[in-house]
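The values are calculated or read from the model by the stated rules, or taken from the named source; none is laboratory data. Quick caveat: nothing in here was measured; it's all calculated off a predicted structure. Methodologically, a virtual Cβ is constructed for each residue, glycine included, from the backbone with ideal geometry; neighbour enumeration extends over all protein chains shown. Remember, those area values only see protein heavy atoms, side chains included, never the ligands or the DNA or RNA. Shrake-Rupley method; radii C 1.70, N 1.55, O 1.52, S 1.80 Å.
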Amino acid sequence: MVREEVKRHITNFGKNPNYSETPRKAVVSIKTASQTPYKAYIDVLDETWMAFFEIWNSEARTTGFVDYKAYVSSLGEDENAIRQKFPAAISIAEPDD
């Protein structure tokens, strides 16, 4: 559920006012309570990163690559238009007491 929600937020392109206007303005903020188990925090962070990788893989396929890893291997990190189009802006906020 977290992964799908993050993907909706990032790829909204201004359609739904509850999500980001553009992928470049999309920020995913993770904030926990102090009693949140560490595993739950890591699970949410992993799901957030997986959402980005799924978006990047999908975008790489539209440019003729098998996946994002092949795209980066072929063009190099300096030429990474996918990461420029869909930057990973993840904010980790201090937990509530």
Give the accessible area for I82 in Å² (nearest 10); use a 1.4 Å probe, count only protein heavy atoms, and leave out ligands, DNA and RNA.
10
Env charge @ D46, Cβ radius under 13 Å, K,R +1 / D,E -1, value -1
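Give me the dipole magnitude in Debye, nearest 20, for the chain about the Cα centre, with unit charges on the beta carbon: positive for Lys and Arg, negative for Asp and Glu.
Numbers: 12 positive and 15 negative charges, 74 e Å.
For the chain, the charge dipole is close to 360 debye.
Round to the nearest 0.05 the FRET efficiency obtained for F13 and A33 when R0 = 30 Å and r is the Cβ-Cβ distance.
Working: r = 32 Å, r/R0 = 1.08.
Working from the Cβ atoms, E equals 0.40.
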Residue farthest toward the positive end of the dipole of the chain, with Cβ of Lys/Arg at +1 and Asp/Glu at -1: which of S74, F53, T22?
T22
In order over segment 41-46: 3J(HN,Hα) from phi, Karplus 6.51/-1.76/1.60, θ = phi - 60°, whole Hz, x for each Gly or Pro, gives 4, 5, 4, 5, 4, 4
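For segment 1-51, which whole-number percentage of the solvent-accessible area (1.4 Å probe, protein heavy atoms only) is attributable to carbon and sulfur atoms? Intermediate values should be presented prior to the final figure.
Values: 2010 of 3510 Å².
Roughly 57 percent, rounded to a whole number.
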Can you tell me which aspartates and glutamates have their Cα less than 19 Å from the Cα of K25? Leave out same-chain residues fewer than eight positions away.
E4, E5, E54, E59
As a check on your grasp of the helix formula, calculate [θ] at 222 nm for the chain: sum -39500 (n - 2.57) over DSSP H runs of n ≥ 4, divide by the residue count, round to the nearest 500.
-15000 deg cm²/dmol
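What's the extension gain from K25 to E47 if we count 0.36 nm per residue and subtract their Cα-Cα distance? Don't jump to the answer; show the numbers that get you there.
Numbers: separation 22, 0.36 × 22 = 7.92 nm, distance 1.97 nm.
Separation in residues times 0.36 nm, less the Cα-Cα distance, equals 6.0 nm.
Taking the highest mean first, how do the peptides 14-23, 67-76 order by number of other beta carbon atoms within 10 angstrom per residue?
Numbers: 14-23: 12.3, 67-76: 15.0.
In descending order of packing, they fall as 67-76, 14-23.
Quick one: compute a quarter of the convex hull surface over the Cα atoms of the chain and quote it in nm². Don't jump to the answer; show the numbers that get you there.
Numbers: hull surface 28.7 nm².
Its average projected convex-hull area is 7.2 nm².
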Per residue, what accessible area does the chain have, given a 1.4 Å probe and all protein chains present, in Å²?
66
Amide H within-cut-off set for I30, under 5 Å, with H built and near neighbours excluded:
S91, I92, A93
